[in-house]
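Take a look at the structure below.
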There are 2 protein chains.
Amino acid sequence: MDTAQQQGNGRGVGQRAGLTRDAVVRAAREILDTDGYPALSMRSLARALGVRPNTLYSHVSDKLELVDALLDDRLGAVVISRSRDPQRRVRDMMRSTYDVLVGTPGLVPLYLTRQGASGENAQRLGRALRADLGELGLPEAQRQPALSTLVVHTIGFAAYATADPARDDARPARPAAEARAEFHRSLDWLLDGMLSRDGARAASGAPDAGSEDPARGRG
Amino acid sequence: MDTAQQQGNGRGVGQRAGLTRDAVVRAAREILDTDGYPALSMRSLARALGVRPNTLYSHVSDKLELVDALLDDRLGAVVISRSRDPQRRVRDMMRSTYDVLVGTPGLVPLYLTRQGASGENAQRLGRALRADLGELGLPEAQRQPALSTLVVHTIGFAAYATADPARDDARPARPAAEARAEFHRSLDWLLDGMLSRDGARAASGAPDAGSEDPARGRG
DNA sequence: CTTGTTAACTGTACGTTGTCCAGTTATGTT
DNA sequence: AACATAACTGGACAACGTACAGTTAACAAG
């Protein structure tokens, strides 16, 4: 943090600004926190760094790569629970994930689009959760499905909570605390269903025959 | 369908093309089906209709409005289940929703962003589901939360299933049938947890004290 | 059958985006 | 002290959504 990121735009051609990939990601995160995702463009980011837009491509190959870096970066803020009860651990980590995601609204849909960020932090979190699910008695083969179920559910709720409501209808934009409580409840439902023997039965051996063939899209 | 939508670009100024808002939406849906969401721009849509881009603004106020129309349009393909068992009805409708959503990959994240489309079809589906949830014994106050839980969960899974995997890692891109089965299982879990008395207890009166304060994002 | 109003269209253009190409030159290596 | 590397600039391209000001076809009213 010695020579970098002052916005000194009075720099001639060939003069270095001392950027690093990390500095770029960090600056992007700052824009994200301050002005939200729509305000994050390669150009605004370059401007914030006192640099021409194309310069960024020396440190990041793509906007997509930058976004991926941001996604995983965020996941570093999720706390790995240290509770004694494994179910409580899972619950707390998912709650924490939700809170972190809701903290950066515009980014959330991208977690879905990018299949949940496969970076370092994501893997660390995934390992912890898988271990806990194993400890909770889920057979090996069901752990990964259960994990992505939890993750997708959580991201989905975060995305929904941070969505801007449709412009035309005047729904009063439900407060964040309420959305959070709703997520907590649904998470309990999901965990209950997932971990109860009943749930296991319904999942594997339920009479699926006689289903009325729920038309796979007709348009 | 008499005078419209042939791509006769040899039309002078002031000459009408006979467009209607419906024709525009229909053409947009076609582009969506054929070439996917990224290929849908106001300009490509105009090109497909044999018209200049700004013409579209006579029929649609915005791209956002167009997208909203498309979102709800899609939901029209969801089949309202007629099964005898209300839980089966709910399950089938959510499954159908999933199938429909997966049918238009690029559109799915927008359902989250736009808070699930509040158009005519969405409301029809919502009414049916709420009624069934009532029939299943959920108290009035819990129906709406339960409904959005189901919806968010379903959209989340559809979004995840249709996401293009991160470019760098070579995960073998799990087949669609597998993703579908996974969704079915998770939906059963969720319904089980939601409708069991156990679930109700865990949701309302569980000892939430003593939680280790799952840090709400630390930076 | 004329007249006037409305709204569907075109032409043009603005500002924005991500990204590429061809240079320049500071920096680290030999 | 000469050289390779890579961090930068200048400029540009193709695409995007959308606005403004015209032209004129279609329709209602007289």
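Coordinate-derived values only; no laboratory data. Model, not experiment: these values are computed from the prediction. Please note: Cβ atoms are built from the backbone with ideal geometry, for glycine as well, and neighbour counts cover all protein chains shown.
As a proxy for reagent exposure, ranking B:194, B:93 by other Cβ atoms within 10 Å from fewest up yields B:93, B:194.
Counting only Cα atoms, segment A:84-134 measures 34, 19, 14 Å along its principal axes, largest extent leading. Please report B:57, A:160 as a ranked list, fewest other C-beta atoms within 10 angstrom at the top and most at the bottom. By the 10 Å Cβ count, ascending: B:57, A:160. At q = 0.11, 0.13 Å⁻¹, what is the base-10 log of I(q)/I(0) for segment B:62-154 according to the Debye formula with one equal point scatterer per Cα and no solvent? Please give it to two decimals. For the requested q values the scattering log ratios are -0.30, -0.42.
Per residue of A:105-113, other chain Cβ atoms within 10 Å of the residue Cβ number 4 on average. Please work out the C-alpha center-to-center distance from segment B:100-148 to segment B:16-40 and express it in whole Å. Measuring centre to centre over Cα atoms gives 25 Å.
Set the Förster distance to 41 Å, then compute FRET efficiency between residue A:41 and residue B:21 from the Cβ-Cβ distance, nearest 0.05. Working shown, then result.
Working: r = 32 Å, r/R0 = 0.78.
Computed FRET efficiency for residue A:41 and residue B:21 comes out at 0.80.
Enclosing the Cα atoms of segment B:21-60 in their convex hull gives a volume equal to 53 cubic angstrom per residue.
When averaged across all projection directions, what area in nm² does the alpha-carbon convex hull of segment A:29-187 cover?
Numbers: hull surface 44.5 nm².
Across all orientations, segment A:29-187 yields a mean hull projection of 11.1 nm².
Counting every other Cβ atom within 10 Å of each residue's Cβ, A:89, B:143, A:174 order from fewest to most as A:174, B:143, A:89. For the pair residue A:84 and residue B:84, label points projected 7 Å from Cα toward Cβ lie 5.0 nm apart.
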